[in-house]
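Working notes for the structure below.
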Amino acid sequence: MKKALILGINGQDGSYLAEILLEKGYEVHGVIRRTATCNTRNIEPILDRIQLHYGDLADPVSLYRIIAETKPREIYNEADQDHAGISFQIPAYNYDITGAAVGRLLEIIRQIDSSIRFFQPVTSNMFGQAPECPQNENTRFNPMNPYACAKAFAYNLSHMYREAYGMFVSVGIFYNHESPRRTEDYVTRKITRSVAKIKGGLQDQLVLGDMSALIDWGYSKEYMEAAWSIMQLEKPDTFIIGTGEVHSVKEFVDEAFACVGLDPEKYVQSSQKFFRPAQNSVLQADISKAGQAFGFEPQVTFRKLVRIMIEHDLQDLGVECAVKP
């Protein structure tokens, strides 16, 4: 039986990945912070099928102990501070946990067992003010927020350990990927949750930032399937994972309100409070390399993604409403 260790197993991506690996017959271990033990909602249905270990990216001793004890064949690092907007408020934390911690983790793996396969997700935000659109694996990085800068560091550390030590270190450059498991500080979940509340009479309006931003949005579960596929390849490599389509925040808003038969003009406002200090250019994925290497082709379209999230939030809030096709 294959054995995998997932850091950040209780998050959006980590929880989907855990379910996928269980379906494939893996023995699944997860690292969870002591402060996050009350936040296990995403993994509640599988708690009796996984093994959790207390650890933290800020504590390399705990990581060394967990990896040495579990001896996994594959490690997926789905733990970090992954909110680009919030990273402006806690930049030093991002530089350490999202960036430098990856180097600590790779060095631990090298010392314990360099044959362990390692997957490091990074972000399309690294392209920032991109010189070309769409972006591919060779596009130059030009990050515009602390989170993206830290991820660029993680990317370079991953490539260095792959080349210098011959380790199996693969990287996924993920574009925005959403699901009902997103927290409400992300714009997509803020929108769908608010729309469900407005439909149920629990909220009066929705206040957002820049609604003109064009974003390549996909479905988290599909991206975690891609992560697993990348780890099964004969050689480690780097792949862009996205949809190749972009839609504005306003389109997302309009689609969400259309699902419940409401006019967004009556409820939505924009505020400078939610604008970032620096903006990215249009980030759109060129997924041709992943398509050729392991047949990656996203199945959940933009409209389907919005409906998946709206349906979940309506049900979660107990709001009776048939989502319009």
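The values are calculated or read from the model by the stated rules, or taken from the named source; none is laboratory data. Being a predicted model, the structure only gives us computed values, none of them experimental. Positions of Cβ are generated from backbone atoms using ideal geometry, with glycine treated the same way; all protein chains shown enter the neighbour counts. We work out accessible area using only protein heavy atoms, side chains counted, and drop any ligands, DNA or RNA first. Shrake-Rupley method; radii C 1.70, N 1.55, O 1.52, S 1.80 Å.
A compact table of results
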{"read-out": "Candidates Glu255, Glu265 - the one that is in contact (Cβ under 8 Å) with a residue 12 or more places away in the chain and acidic (Asp, Glu)", "value": "Glu255"}
{"read-out": "All positions within the stretch 40-98 that are among the hydroxyl-bearing types (Ser, Thr, Tyr) and farther than 30 Å from Gly128 by Cβ", "value": "Thr40, Tyr54, Ser62, Tyr64, Thr70"}
{"read-out": "Residue within the stretch 79-95 that is farther than 30 Å from Gly244 by Cβ, modelled with pLDDT under 95, outside any helix (DSSP H, G or I) and not small (Gly, Ala, Ser) present", "value": "yes"}
{"read-out": "The stretch 228-262, subset farther than 18 Å from Gln120 by Cβ and charged (D, E, K, R), residue most open to solvent (accessible area, probe 1.4 Å)", "value": "Glu234"}
{"read-out": "Qualifying residue in the stretch 52-67 (condition: surrounded by fewer than 23 Cβ atoms within 10 Å (Cβ to Cβ), at pLDDT below 95 and assigned to a loop (DSSP other than H, G, I, E, B))", "value": "yes"}
{"read-out": "Residues of the stretch 88-114 satisfying the condition of being open to solvent by 70 Å² or more (accessible area, probe 1.4 Å) and in contact with a Phe, Trp or Tyr (Cβ under 7 Å, 6 or more places away or on another chain)", "value": "Arg110"}
{"read-out": "Glu137, sole failed condition from (1) buried (at least 19 other Cβ atoms within 10 Å of the Cβ); (2) under 17 Å from Ile230 (Cβ atoms)", "value": "(1)"}
{"read-out": "The stretch 158-201, subset in a helix (DSSP H, G or I), among the hydrophobic types (A, V, I, L, M, F, W, C) and touching a strand residue (DSSP E or B) at 6+ places or on another chain (Cβ under 8 Å), residue most open to solvent (accessible area, probe 1.4 Å)", "value": "Val187"}
